[in-house]
Amino acid sequence: MGDSLTIIPLFYSKDSEEKMYECPDYLTSGPNSCYFDKNHTNPWTTYIITVTATNEIGSNSSDPQHVDVTSIVQPDAPVNLSLETNISANLSYLWAKWSPPPLADASSNLHVYHYELRLKPEEKEEWETVSVGMQTHYEVSSLKAGVKYIVQVRCMLDLGEWSEWSSERSIQIPKEQLPPEKPIIIKCRSPEKETFTCWWKPASDGGLLTKHTLLYSKEGEEKVYECPDYKTAGPNSCYFNKKHTSFWTIYNITVRATNEMGSNVSDPHYVDVTYIVQPDPPVNITLELKKSIKRKPYLVLTWSPPPLADVRSGWLTLEYELRLKPEEGEEWETIFVGQQTQCKMFSLNPGKRYIVQIHCKPDHHGLWSEWSPEMYIEIPTDFRVKDMVVWIIVGVLSSLICLIMSWIMIMKGYRMMAFILPPVPGPKIKGIDTHLLEVPLDSRNGKVLSPSKQKCLLVILYLKNTKKVTMATQKQLARLWHTTNIYMYPAIHEYAEKLTSLFPDPLKVVYLTNSGSEANDLAMFMARLHTRNFDIISLRGGYHGGSPYTLGLTSLTHYKHGVANGFGCTTTMLPDVFRGPWGGSHCRDSPVQTVRKCSCTEVACLAKDQYIEQFKDTLNTSVPKTVAGFIAEPIQGVNGAVQYPRNFLKEAYQLIREKGGLCISDEVQTGFGRTGSHFWGFQTHGVVPDIVTLAKGIGNGFPMAAVVTTKEIASSLAENLHFNTFGGNPLACVVGAAVLDAIEEDGLQKNSEDVGTYMLLELAKLRDKFEIIGDVRGKGLMIGVEMVTDKDNRHPLPAEEISQIWEDCKDMGVLIGRGGLYSQTFRIKPPMCITKSDVDFAVEVFCTALQRHVERAAAK
């Protein structure tokens, strides 16, 4: 551009016109601009616009610009953007409102605006578009409480461009205000059985001031009481003094948290004061180092019971545990457990510094106290070598005396026990061994090893820790004793789900009954109803119940009565590899095999083939072309732990299914881990039955039973009503669930395998020693010892001689069941928590009883 004055006019022409127009208004929009008002604007016309620059020297024009008004519309940003927050149904949301640009006549239809709304947390960089639409307001939900947000909006016409973003507006979302979350009751504790305290842990308060209230009701009462004392035990606690404490009552305790938005209640906590006694640690502990003339130093400890426990009244009897360790050591050693309040410790290493602690607990129920503070004692080194020599001599002499006394006891055959233990039960049985769950244990301490009366060992699994089962039972007793399965209760569903989870597919439907006979009754009914066939086959020697229906399956004479039973029930030969016609020397799934000679090898059981042929013969001659089913125990229980050859059940199941029948496994005795290697007996045979019956150990002594089957078979009962008033009542289901938990926690299945194998091998040594033991058999803790006159002819030992051996064992503190067709077999099914030391004692007693029998026979 030159230095002379330059004029820059704007010219335009309209689409399809040749006439040129000059800019109508150079002022309104400022320098170097042209404003077209409504009179000069037509949205249906395309404008051709040029700008010409002219001075004295000449002129020049811009390139032409083609303008369609519709496509160049870019409105101003929306105005009057306002923001407000609100809370509804515990959710925070933002309400945004705005107005169209001021130049736009939004009330007419000439301008239809689209709006875009965006926001972002103040500390973030990225924006989030939350709305695109034509409305001038929008509700934004799901915002984070307590966060500050920035909001903007812009607009555009249909074919135009977006406006600039509006000015930023910010808003703080208030902190969330919610009802409190439910608190958690941490624990309840009684220091002395006369008072107790419960503590709870508050959960989220919902951002508001929250009040916690402890409420409780007593067993058998509907009235609800509030905590009597929130102060004595500190924050988040309730103290029950003597006036409000009764150890005869179960308390149902809840904690309610309340604020302006609502309230929430903790899960109920059931308290039996007897079981929550946890005393304070013992006090007044003294350590005194003493040294008598010509002896090494020894340590004397004395202590007093905790001050709150009135042990003089006998109201609370405490048991104490004392432990110590060298100062530099890591592991503690328990030195003493008992009820006295003093203890002497010998054989401490001179020059060592020891740490000593003691704690206490009620002698029957309750919890151990905390350990007392650590106390230190240093053992001096001033002793002589002569002291050590003297004690070595004393130790050797003492050991020699013990060996002589032990030999005298063995030679006398435990005759002294007759003066200690009367016939069971008797008033001199003085103690209960807690690891066998109230099973009298050891005749040497006035106790008995294992309870019997034939089957009671199987009825109760004897869990190591019964507190879980006991508390679950008491808790349910306080809630609801009984309702039939017409009115379903959560415990029924929970137990059924827990039980069926232990079965392979498709065994996922459970019917709950009250006894093994009921369970097998129902299994027979199911098989006949589902197959529309009638005949059911069982093995000779089997026991499947004593009801009129199941007696047809039971083939033991002493269970039969002189009334009609067994219509449609057929028994077939028992594949007994010891007493059967074809034997079997390598055929059992057991650590112990028979002593019979046969053609079997370790990899081929020829006896099994013979028994299967006999089974086929029964199917071809004694039943119709189709059958309803076949029932068998994985190991025969009442008949003396009889085991079948390997793969017999697998082939028998196949033959039954070819006949249209169902296969029923009677797990009343073998179930719940007793066989050791598997949880269910049928698993040891590599089969999956169609129906499984359970009882005895299912409730650890509580009357309950179950039938587990497939959905397809169960649907056969759905055509009409099947009902059992007490089957699957809430109390039974809670007990059953607690038993399953305890079996897993106590490791009873693994213990059955380890200790059972050990016992079988120890009994096999007795078989090799005594001519009258014909067979030792079994798996896990389901064991049979069959007694014979001699091994070659296998004649059963006479019943009166069996009884004499049984009585001798009883008098020495071991009770054993009896079974078999001639009661010739000792059935050993001990508690599943039995230990190897228990086995040693039992085998020792059994060996002595057998030796006495040999002596009696020789005297004749």
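Each reported figure results from applying straightforward, stated rules to the coordinates on display, with no laboratory input. It should be emphasised that the depicted structure is a prediction, and the values quoted were computed from it without experimental measurement. Here Cβ is always computed from backbone atoms with ideal geometry, including for glycine, and neighbour counts include all displayed protein chains.
Odds and ends about this structure:
- Taking the Cα centre of the stretch 111-231 as origin and assigning +1 to Lys and Arg Cβ atoms and -1 to Asp and Glu Cβ atoms, the resulting dipole is close to 580 debye.
- 21 Å Cα-Cα reach of residue 560 towards lysines, excluding residues that sit fewer than 8 places from it in its own chain: 453, 455
- Note on 375, 524, 134: ascending count of other Cβ atoms within 10 Å places them as 134, 375, 524, the fewest first.
- Ranked 755, 814, 300, criterion: other C-beta atoms within 10 Å, fewest first: 300, 755, 814
- At full extension, residue 97 and residue 394 could sit 96.9 nm farther apart than now, given 0.36 nm per residue minus the alpha carbon distance.
- Amide N proximity, the stretch 17-44 versus residue 68 label position 7 Å along Cα-to-Cβ, cut-off under 14 Å: 43-44
- Read-out semi-axes √(5λ) of the Cα gyration tensor in Å, derived from the coordinates shown; its label in (i) 84, 45, 27; (ii) 61, 33, 19; (iii) 48, 37, 32: (i)
- Oblate is the label for the stretch 638-740, because a/c, from the alpha-carbon gyration tensor with a ≥ b ≥ c as root eigenvalues, is 1.5 or above and a/b does not exceed b/c.
- Estimated from the Cβ-Cβ distance and a Förster radius of 56 angstrom, the FRET efficiency linking residue 302 and residue 769 is about 0.60.
- Ranked for footprinting exposure by Cβ neighbours inside 10 Å, fewest first, 137, 544, 558 give 558, 137, 544.
- Rounded FRET efficiency, nearest 0.05, which uses the C-beta distance separating residue 620 from residue 497 and R0 of 35 Å: 0.25
- What the Cβ-Cβ distance of residue 609 and residue 799 gives, at R0 = 30 Å and to the nearest 0.05, is a FRET efficiency of 0.30.
- What you get for the chain, charging only the Cβ of Lys and Arg (+1) and of Asp and Glu (-1), is a dipole of about 6260 debye around the Cα centre.
- Once the Cα atoms are used to define both axes, helix 467-479 deviates from the longest principal axis of the chain by about 60 degrees.
- 0 to 90° range, to nearest 10: angle between helix 516-531 axis and the chain longest Cα axis: 60
- Between 0 and 90°, nearest 10: helix 748-769 axis offset from the chain longest Cα axis: 20
- Report note on the peptides 777-790, 717-730, 831-844: ranked by the mean count of other C-beta atoms within 10 Å, highest first, their order is 777-790, 831-844, 717-730.
- With helices as the sole contributors, the chain gives -7000 deg cm²/dmol at 222 nm; each DSSP H run of n ≥ 4 counts as -39500 (n - 2.57), and the sum is divided by every residue.
- Net dipole in debye of the stretch 184-275 [+1 Lys, Arg Cβ; -1 Asp, Glu Cβ; about Cα centre; nearest 20]: 240
- Near-label residues of the stretch 322-340 by backbone N, under 19 Å of a point 7 Å along Cα→Cβ of residue 353: 324-333
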